[in-house]
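Okay, so here's the structure we're looking at.
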Amino acid sequence: MSSTLKRGLFHILGGLSFPVAALFLTRMALLISLGVVTFVFLAFEFLRFRAPKINRWFFSLFRPLLREEEASRLTGTSYMLIASLIAFLAFPRDIAVLALCFLAVGDAVAAIVGKYMGKRKLLSKTVEGDLACFVSCLLIGFVLYYAGLNIRLLTTLVGSVGATFVEAIPLPLNDNLTMPLFAGLVMTVMQL
């Protein structure tokens with residue numbers, strides 16, 4: 001299995017863990033567990049930057065899931081954890097769940113489709129990957145709407161557009177941070 005597929009599957013499974021947990025845990029239990037996991041992970045990230053031996057060990061162990069630049073920068077997982085914590089603090093539960101599902105599924109599907117089927121470049125990504133992101137965000141939004149998430153369909157559509165837009169444009173910040181926060185913000189405004 002290629003690194004892109006391994007990263008994509010890890011992104012989906014790992015990225016869905018806290019949105020799914022949010023459906024079953026109290027807000028306080030979710031925030032405490034997410035806060036602890038985020039703190040521990042970030043502490044390890046800073047430790048590995050200070051200790052090259054630990055960094056080499058970490059990188060060799062998780063090489064199929066990491067990009068080369070993550071040897072000297074925070075991993076995508078760190079940004080995903082930070083975004084999850086901010087989303088659950090800043091947005092209503094259902095919006096945070098949906099925004100983080102957009103990240104977990106939409107971003108991974110965009111990367112996989114862009115890598116294997118992408119032909120037309122738009123900015124730094126492919127049109128095919130961007131369309132796959134949008135469609136997968138819409139699908140996950142519809143599934144969660146019909147499963148009982150309290151978000152209007154129009155809000156889901158606008159959130160899907162917002163998530164896809166942020167995923168598609170080259171920003172200096174990691175899209176694991178910007179994608180769910182922007183989507184959550186536009187969906188929160190739409191629900192007013």
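The values are calculated or read from the model by the stated rules, or taken from the named source; none is laboratory data. Values in this document were obtained by computation on a predicted structure and should not be read as measured data. Don't worry about glycine lacking a Cβ; one is built from the backbone with ideal geometry, like all the others, and counts go over all protein chains shown. Surface accessibility is based on the protein's heavy atoms, side chains included, excluding ligands, DNA and RNA. Shrake-Rupley method; radii C 1.70, N 1.55, O 1.52, S 1.80 Å.
What chymotrypsin sites (Phe, Trp or Tyr not before Pro) in the range 1-94 are in a loop by DSSP, with at most 15 other Cβ atoms within 10 Å of the Cβ? Write down the numbers at each step before the final one.
Working: sites: F10, F24, F39, F41, F44, F46, F49, W57, F58, F59, F62, Y79, F88; in loops: F24, F62.
When the chymotrypsin sites (Phe, Trp or Tyr not before Pro) of the range 1-94 are filtered for loop state and at most 15 Cβ neighbours within 10 Å, F24, F62 remain.
Rounded if a/c is under 1.5, else prolate if a/b beats b/c, else oblate: with a ≥ b ≥ c from the C-alpha gyration tensor eigenvalues square-rooted, which is the range 1-87? Could the numbers behind the result be given before it?
Numbers: a/c = 2.82, a/b = 1.44, b/c = 1.95.
Since a/c reaches 1.5 but b/c is at least a/b, the shape of the range 1-87 is classed as oblate.
So what is the calculated 222 nm ellipticity per residue for the chain, using -39500 (n - 2.57) for each DSSP H run with n of 4 or more, over all residues, to the nearest 500 deg cm²/dmol?
Values: 9 runs with 141 residues, N = 192.
Result for the chain: -24000 deg cm²/dmol, rounded to the nearest 500.
When the Karplus curve 6.51 cos²θ - 1.76 cosθ + 1.60 is applied with θ = phi - 60°, which whole-Hz ³J(HN,Hα) does each residue of the range 102-109 get, with x for Gly and Pro?
4, 5, 4, 8, x, 5, 5, 5
Rounded, prolate or oblate, given the Cα gyration tensor of the range 113-192, with a/c below 1.5 counting as rounded? Before the final figure, lay out the partial values.
Numbers: a/c = 2.72, a/b = 1.56, b/c = 1.74.
Note, shape of the range 113-192 comes out oblate.
Taking the dipole about the Cα centre of the range 1-92, with the C-beta of Lys and Arg at +1 and of Asp and Glu at -1, give me whichever of V20, V36, L61 is farthest to the positive side.
L61
With just the Cα atoms defining each centre, how far is the range 153-192 from the range 79-129? Give it in Å.
First find each Cα centre; the distance between them is then 9 Å.
For the chain, report the translational diffusion coefficient in µm²/s to the nearest whole number, using Stokes-Einstein at 20 °C, 1.002 mPa s, and a Kirkwood Rh over Cα pairs. Walk me through the numbers before you get to the answer.
Numbers: Rh = 16.9 Å.
Stokes-Einstein gives a translational diffusion coefficient of 127 µm²/s.
Could you tally up the Lys pairs in the chain with alpha carbons closer than 26 Å? Skip any pair fewer than 8 positions apart unless they're on separate chains. Walk me through the numbers before you get to the answer.
Values: K6/K53; K6/K115; K6/K119; K6/K121; K6/K125; K115/K125.
Count of close lysine pairs: 6.
Taking a probe of 1.4 Å, how large is the accessible area per residue of the chain, in Å²?
Roughly 53 Å² per residue, with all protein chains present.
Treating the beta-carbon of each Lys and Arg as +1 and of each Asp and Glu as -1, no other charges, what is the dipole magnitude of the chain about its Cα centre, to the nearest 20 debye?
Values: 17 positive and 10 negative charges, 95 e Å.
Charge dipole of the chain: 460 debye, to the nearest 20.
For the range 47-131, what does the alpha-carbon gyration tensor say about shape, rounded, prolate or oblate, given a ≥ b ≥ c as the root eigenvalues, a/c under 1.5 as rounded, and a/b over b/c as prolate?
oblate
Residue by residue through the range 2-19, what is 3J(HN,Hα) from phi via Karplus (6.51 cos²θ - 1.76 cosθ + 1.60, θ = phi - 60°)? Round to whole Hz and write x for glycine and proline.
6, 4, 4, 5, 4, 4, x, 5, 4, 4, 5, 5, x, x, 7, 4, 6, x
Quick one: pull the percent of accessible area on the chain belonging to carbon and sulfur, 1.4 Å probe, ligands and nucleic acids left out. Let's see the in-between values first.
Working: 7420 of 10150 Å².
For the chain, the apolar C and S fraction of the accessible surface comes to 73 percent.
Would you work out which of C137, I86, P172 lies farthest towards the positive end of the dipole of the chain, given +1 charges on the beta-carbon of Lys and Arg and -1 on that of Asp and Glu, about the Cα centre?
Farthest towards the positive pole: P172.
Report the relative contact order of the range 47-192, percent, no decimals, based on alpha-carbon pairs under 8 angstrom and at least 6 residues apart.
This gives 27 percent for the range 47-192.
Using the Karplus curve 6.51 cos²θ - 1.76 cosθ + 1.60 with θ = phi - 60°, work out ³J(HN,Hα) for each residue of the range 163-175 in order, rounded to whole Hz, and write x for Gly and Pro.
With coefficients 6.51, -1.76 and 1.60, one gets 4, 5, 4, 5, 5, 7, 8, x, 10, x, 8, 4, 5 Hz.
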